[in-house]
Amino acid sequence: MFNKVLIANRGEIALRIQRACRELGVATVAIHSEADADARYVRLADQAICIGPAAPGRSYLNRSAILLAAHASGAQAVHPGYGFLSENAEFAEQVGEAGLTFIGPDPAAIRTMGDKVAAKRAMRAAGVPCVPGPDSALPDDPAEIARIAHDIGYPVIVKAAGGGGGRGMRVVHDPEKLLDAVTVTREEARRAFGKPELYIEKFLEHPRHVEIQVLCDAHGNALWLGSRDCSLQRRHQKVIEEAPAPGIDAELIRQVGERCADACRQIGYRGAGTFEFLFENGQFFFIEMNTRLQVEHPVTEATTGIDIVREQIRVAQGHALDLHQDAIRTSGHALECRINAEDPFSFVPCPGRVTVWEQPGGNGVRVDSHMSSGAVVPPYYDSLIAKVITFGATRDEAFARMRVALSEMRVEGVSTNLPLHRAMLDDAAFRAGAVDIHHLERWLAKGKEHDADR
Ligand code: ADP
């Protein structure tokens with residue numbers, strides 16, 4: 001049992017976690033870099049410790065500085081948020097060795113899921129449907145590699161077992177290009193991830209990105225909390241998310257959700273997690289599991305009424321979940337727009353001082369943001385400055401509320417992608433639901449063509 005948590009993150013999620021702690025009566029320690037010294041959540045925390053200069057490697061990724069801050073502050077637990085050290089098994093281990101609680105799963109679970117081949121093997125064993133292809137690393141023998149790809153059927157995708165952030169992947173349409181793709185990807189994997197292991201799977205051409213949120217305790221309880229659709233992406237980065245995934249049979253989602261919960265029980269998973277799937281032709285195909293809180297968790301909170309961060313903390317304190325699968329009802333519909341400080345056309349990050357900040361409100365509107373007038377968006381980190389979440393009884397109502405919310409939002413001093421969000425809400429295909437993961441890129445490319453014609 002702990003009553004003081006160090007939040008090893010920054011930005012909107014640091015504030016989100018802080019709020020959950022405060023609601024539970026748990027004291028908070030904010031750590032921050034020199035660049036974030038004036039941030040609002042730093043001011044609001046019970047205690048704040050500067051752990052280093054702006055560069056993430058010397059602050060938010062500096063494990064020994066964070067552990068030292070935990071020790072100095074008397075924090076008994078560490079919440080890693082998302083990004084930074086949240087999926088670093090070694091850090092989770094060090095936190096444990098220092099006698100502190102890591103608010104997340106065991107290092108072993110993080111390690112297994114961080115290796116995509118091991119993750120796929122574990123999921124297949126647990127009955128979770130996976131993308132066609134072997135759940136073992138590629139051999140060296142060229143003839144054997146060619147046979148595996150042939151058996152799967154082209155197009156295939158060559159992926160690094162240790163890959164992440166949309167890197168270390170290559171699509172192959174033509175058997176003659178397979179071996180070159182393997183060589184290049186292997187070299188890239190060795191350099192970028194320090195691990196040359198590769199695998200091949202079927203390349204799905206028009207999938208949707210649909211994911212299942214899970215929540216587990218240390219007493220063998222595992223729940224699934226409905227689905228989310230995160231197909232609207234640019235360069236593998238999610239832009240708008242929603243819950244539930246529209247147009248998918250509830251029974252099909254239930255079956256997959258049950259499989260995910262079973263898998264969690266089998267691997268002894270603890271805490272919050274997300275199973276990511278590609279969904280094509282009415283079928284789910286597992287691609288990876290994220291062993292942490294996700295940026296888009298609020299849409300699930302809106303549709304289930306469950307505070308995921310609060311539950312994460314309570315589970316880490318050793319409490320059993322007092323929720324039961326039968327009692328979990330998802331109702332209504334939620335949308336989330338990720339507002340970034342970036343140029344709306346070139347997508348180049350746009351750090352600077354926010355001179356005017358007016359955020360929306362009203363029925364069914366939630367804004368998770370660490371910004372205010374006068375706040376600074378530093379150039380060193382992710383450009384996410386706010387998440388606007390709307391909830392409605394129906395998808396249409398959630399859309400209508402989002403339209404109003406975004407019309408109320410005013411940000412000056414830095415450019416944002418608000419124009420892109422406003423345009424997307426009026427896009428007929430997105431409005432209809434069930435667009436694939438290439439929709440936004442196609443839409444942007446079309447816009448460029450129009451511009452060129454003018
Ligand atoms: P990362 O950990 O780098 O995010 P993922 O395995 O989650 O890697 O894949 C990232 C993205 O790459 C997916 O969201 C999808 O757009 C694409 N992708 C991955 N595997 C496949 C596949 N088998 N078929 C089609 N697209 C894929």
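The values are calculated or read from the model by the stated rules, or taken from the named source; none is laboratory data. Being a predicted model, the structure only gives us computed values, none of them experimental. Here the Cβ positions follow ideal geometry from the backbone for every residue, glycine too, while neighbour counts run over all protein chains shown.
Numerical summary
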item: Sole exception among (1) surrounded by 15 or more Cβ atoms within 10 Å (Cβ to Cβ); (2) within 16 Å of the ligand (Cβ to nearest atom); (3) modelled with pLDDT of 95 or more; (4) more than 30 Å from Gly318 (Cβ to Cβ) for Ile248, by number; result: (2)
item: Any hit, the stretch 318-327, residues being closer than 28 Å to Ser369 by Cβ and modelled with pLDDT of 95 or more; result: no
item: Scope the stretch 18-40; condition within 19 Å of Asn62 (Cβ to Cβ) and in contact (Cβ under 8 Å) with a residue 40 or more places away in the chain; matching residues; result: Val29, Ser33, Ala35, Asp36, Ala39
item: Top-ranked residue of the stretch 251-275 - restricted to ones that are of a type in the set (Gly, Ala, Ser) and crowded, with 19+ Cβ neighbours inside 10 Å, ranked as farthest from the ligand (Cβ to nearest atom); result: Ala261
item: Selection count, the stretch 135-158, where residues are in contact (Cβ under 8 Å) with a residue 12 or more places away in the chain, more than 25 Å from Gly257 (Cβ to Cβ) and either acidic (Asp, Glu) or within 13 Å of the ligand (Cβ to nearest atom) (or both); result: 8
item: Failed item in (1) surrounded by fewer than 24 Cβ atoms within 10 Å (Cβ to Cβ); (2) β-branched (Val, Ile, Thr); (3) at pLDDT 95 or above, with Thr300 passing the rest; result: (1)
item: Pick from the stretch 185-195, criterion basic (Lys, Arg) and surrounded by fewer than 18 Cβ atoms within 10 Å (Cβ to Cβ), ranking: farthest from Cys130 (Cα to Cα); result: Arg191
item: Residues located in the stretch 168-182, provided they are in a strand (DSSP E or B) and hydrophobic (A, V, I, L, M, F, W, C); result: Met169, Val171, Val172
item: Residue within the stretch 332-349 that is touching a helix residue (DSSP H, G or I) at 6+ places or on another chain (Cβ under 8 Å), within 30 Å of Asn221 (Cα to Cα) and of a type in the set (A, V, I, L, M, F, W, C) present; result: yes
item: Residue check, Gly162 within 13 Å of the ligand (Cβ to nearest atom), on the phi > 0 side of the Ramachandran plot and crowded, with 18+ Cβ neighbours inside 10 Å; result: no
item: Of residues in the stretch 426-438 being surrounded by fewer than 17 Cβ atoms within 10 Å (Cβ to Cβ) and either over 21 Å from the mean Cα position of the chain (by Cα) or modelled with pLDDT of 95 or more (or both), the one farthest from the ligand (Cβ to nearest atom); result: Asp426
item: Strands (runs of 3 or more DSSP E) lying entirely in the stretch 1-117 (those with 2 or more residues that are surrounded by 16 or more Cβ atoms within 10 Å (Cβ to Cβ) and hydroxyl-bearing (Ser, Thr, Tyr)); result: 27-33
item: Answer from Val184, Val171 - the residue that is within 11 Å of the ligand (Cβ to nearest atom), outside the structural domain of Phe286 (by TED's automatic domain parsing) and over 14 Å from Gly114 (Cα atoms); result: Val171
item: Subset of the stretch 93-132 (residues that are within 15 Å of the ligand (Cβ to nearest atom) and touching a Lys or Arg at 6+ places or on another chain (Cβ under 6 Å)); result: Val128, Cys130, Val131, Pro132
item: Index of the failed condition, Leu225 passing every other in (1) crowded, with 20+ Cβ neighbours inside 10 Å; (2) without any contact (Cβ under 8 Å) to a residue 60 or more places away in the chain; (3) away from the ligand (no atom under 11 Å from the Cβ); result: (2)
item: Candidates Leu178, Leu198, filtered to the one that is within 16 Å of the ligand (Cβ to nearest atom), buried (at least 23 other Cβ atoms within 10 Å of the Cβ), within 20 Å of Pro134 (Cβ to Cβ) and at pLDDT 95 or above; result: Leu198
item: Pairs where the first residue, in the stretch 196-215, is among the charged types (D, E, K, R) and the second is at pLDDT below 95 and within 10 Å of the ligand (Cβ to nearest atom), C-beta under 7 Å, 6+ apart; result: Glu197/Gly162
